[in-house]
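Working notes for the structure below.
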Amino acid sequence: MSPTSSLARKALILTPGQGRPYSMGRMRAVFMADNAETDSHYSISEWWLEPNTKGPGVHAHPEDHVFYVISLNVPGGFELSMPHIVQWFAANPLGDACISRIAEQ
């Protein structure tokens, strides 16, 4: 937290359907908390891919990430990058997932 922030924070309660959505073709992100809500210390968001979507592929960020079953928690301030990320996925749409099958002999 910044030196001016107190340790106590007001609870942020969202109901289903709330959050800030970003559509990227076959993938969608919904930010629940970031920037002002977390003093830019972490980010809580959901990421959804359509069935059989390959996903963004292996990549890295200099900061740590924590992954949940349906949510993503990344350092705060991440949402500020979403307009650029949306543009990137518009130019680089996700493909189908490749499922390997062993031929029966």
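Derivation of every value follows stated rules applied to the coordinates shown; laboratory data play no part. Keep in mind that this is a model prediction, so the values were computed, not measured. Cβ coordinates were reconstructed from backbone atoms using ideal geometry, including for glycine residues, and neighbour counts include every protein chain displayed.
Of note:
- Distance (nanometres) between label positions extended 7 Å along Cα→Cβ at Asn35 and Ser81: 1.5 nm
- For Asn92, the shell of other residues with beta-carbons less than 14 Å away shows a net charge of +2, using +1 for Lys and Arg and -1 for Asp and Glu.
- Restricting the calculation to Cα atoms, the stretch 4-58 yields a radius of gyration followed by a Dmax of 14.3, 46 Å.
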